[in-house]
Amino acid sequence: MVWRQKFSRRKFGPSSLFLKRLRYPKFSYRDLVTATNGFDEANLVGVGSFGSVYKGNLSDGNVVAIKALDLRNEEARKSFKAECQVLGRIRHRNLIRIISAFSYPDCIGLVLQFASNGSLEKKLYPDRDNQEICTELGLSERLKIAIDVAHGMEYLHHDCSPQVVHCDLKPGNVLLDSDMTALVTDFGISRLTTTPNPRDVPSTTTIALKGSIGYIAPEYGVGGSVSTKGDVYSYGILILEMLTKKRPSDDMFVGDMNLSKWVRSAFPGRIADIVDNMLLSDVNDNMEESMRCLVSFINVGLICSSESPTERPSMRDVARVLESTRASFMGTAAPSNILTSTISDLLRNTTVEHTGTFSENSTF
């Protein structure tokens, strides 16, 4: 296991100077072992390609997530540095908060905010052991989660300098805290970009095809440049998956068919055939308003997952439209006229802006 492997820091660990520059609170290796009860499997909350995440109980009573990475994996070390640099720059209620980072001969990793309700993926697809205790997400809960994620992504794209492109947005990288507030996490392959003038010729800088199959923007597959529009595509797929409970990697999607095209083929007249059955029972309680909300919600997902980057909106516009959708659904705003105008604005405001190039300091 990661914590028992003995490697020399000189050969495997990131430089101590790098971590000192970040100025995080320090935890000794013993602190981490004690917090996780020796990295006991009872505290294991997740396993990924780069390492494992444990629940940790600190001596001051705080509960944290301890992400221990596999020192033998070069990509894991790159991911560690990327997450440290990005998370050290950002502060937003809908983004996971970094508490500290550590580099020891035995392991490297991060101490992060703990999200007690797990990932959105586990909420959508609970395993057999948790099916009975897992609460189904209704329409209002799914809308709230989508809005939380939209605000987190809006901050990364519009309020950070340099701009942050996440590059791996999916349900498994959205965590839910004790209040069911959504937190975007896992910035291991994220990129910092510079934002050119909209009149500039788009960058030809490309990235290796990274991310998760089904969520990756189609232009990345043909050498497209890193862009916030790629995140918008992933966000659109996330919305459609939330509403249909169909993974974009499902075996039913073969050839040219994908989740977005499948939903589009049923929209709007046959959405009852494709949405999660639980949502339909939720809709029956308030049919007219719920159906209006559901149609608007799906429409946003479809617009965001448009094939062409130029047809996708910005996350700022997406957040505004979904807030209007929620206001209408909750009865705090006039319904149809607001939704019609905001979705029209969303379509009208799609531009080629926010296509970025790598900054000199953003190569991790």
*Could you tell me whether region 138-157 includes any residue that is more than 24 Å from residue 322 (Cα to Cα) and part of a loop (DSSP other than H, G, I, E, B)?*
no
*Does residue 257 satisfy being of a type outside the set (Ser, Thr, Tyr) and free of Cβ contacts under 8 Å to residues at least 12 places away in the same chain?*
yes
*State the number of residues belonging to region 220-254 that are part of a loop (DSSP other than H, G, I, E, B), under 24 Å from residue 164 (Cβ atoms), without any contact (Cβ under 8 Å) to a residue 60 or more places away in the chain and among the hydrophobic types (A, V, I, L, M, F, W, C).*
0
_I'm trying to understand the selection: among the residues of region 158-187, which are in a loop (DSSP other than H, G, I, E, B), within 14 Å of residue 92 (Cβ to Cβ) and within 16 Å of the chain's Cα centre (by Cα)?_
166, 177, 181, 185, 187
*Residue check, residue 83 against (1) surrounded by 23 or more Cβ atoms within 10 Å (Cβ to Cβ); (2) part of a strand (DSSP E or B); (3) not hydroxyl-bearing (Ser, Thr, Tyr), all met but one. Which one?*
(2)
*asked:* If I go through region 62-80 residue by residue, how many of them are surrounded by fewer than 18 Cβ atoms within 10 Å (Cβ to Cβ) and either over 12 Å from residue 107 (Cα atoms) or hydroxyl-bearing (Ser, Thr, Tyr) (or both)?
replied: 5
_Filtered residue count, region 285-298, keeping only those that are touching a helix residue (DSSP H, G or I) at 6+ places or on another chain (Cβ under 8 Å) and surrounded by fewer than 21 Cβ atoms within 10 Å (Cβ to Cβ)_ = 5
*Check off (1) surrounded by 14 or more Cβ atoms within 10 Å (Cβ to Cβ); (2) at pLDDT 75 or above for residue 28 and give me the number that stays unchecked.*
(1)
*Can you tell which of 211, 188, 236 is at pLDDT below 90, within 28 Å of residue 113 (Cα to Cα) and touching a Cys at 6+ places or on another chain (Cβ under 6 Å)?*
211
_region 257-277, subset of a type in the set (A, V, I, L, M), in contact with a Leu (Cβ under 8 Å, 6 or more places away or on another chain) and assigned to a helix (DSSP H, G or I), residue nearest to residue 238 (Cα to Cα)_ = 259
*asked:* For the list (1) within 17 Å of residue 45 (Cα to Cα); (2) of a type in the set (Lys, Arg); (3) modelled with pLDDT of 90 or more, I need the number of the one condition that residue 144 fails.
replied: (1)
*Out of (1) surrounded by fewer than 19 Cβ atoms within 10 Å (Cβ to Cβ); (2) at pLDDT below 95; (3) in contact with a helix residue (DSSP H, G or I) (Cβ under 7 Å, 6 or more places away or on another chain), what's the single condition that is false for residue 198?*
(3)
*Is it true that residue 323 is out of contact with any Ser or Thr (no Cβ under 7 Å at 6 or more places or on another chain), modelled with pLDDT of 95 or more and part of a loop (DSSP other than H, G, I, E, B)?*
no
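The values are calculated or read from the model by the stated rules, or taken from the named source; none is laboratory data. Predicted model only: the values in this text are computed from it and were never measured. Methodologically, a virtual Cβ is constructed for each residue, glycine included, from the backbone with ideal geometry; neighbour enumeration extends over all protein chains shown.
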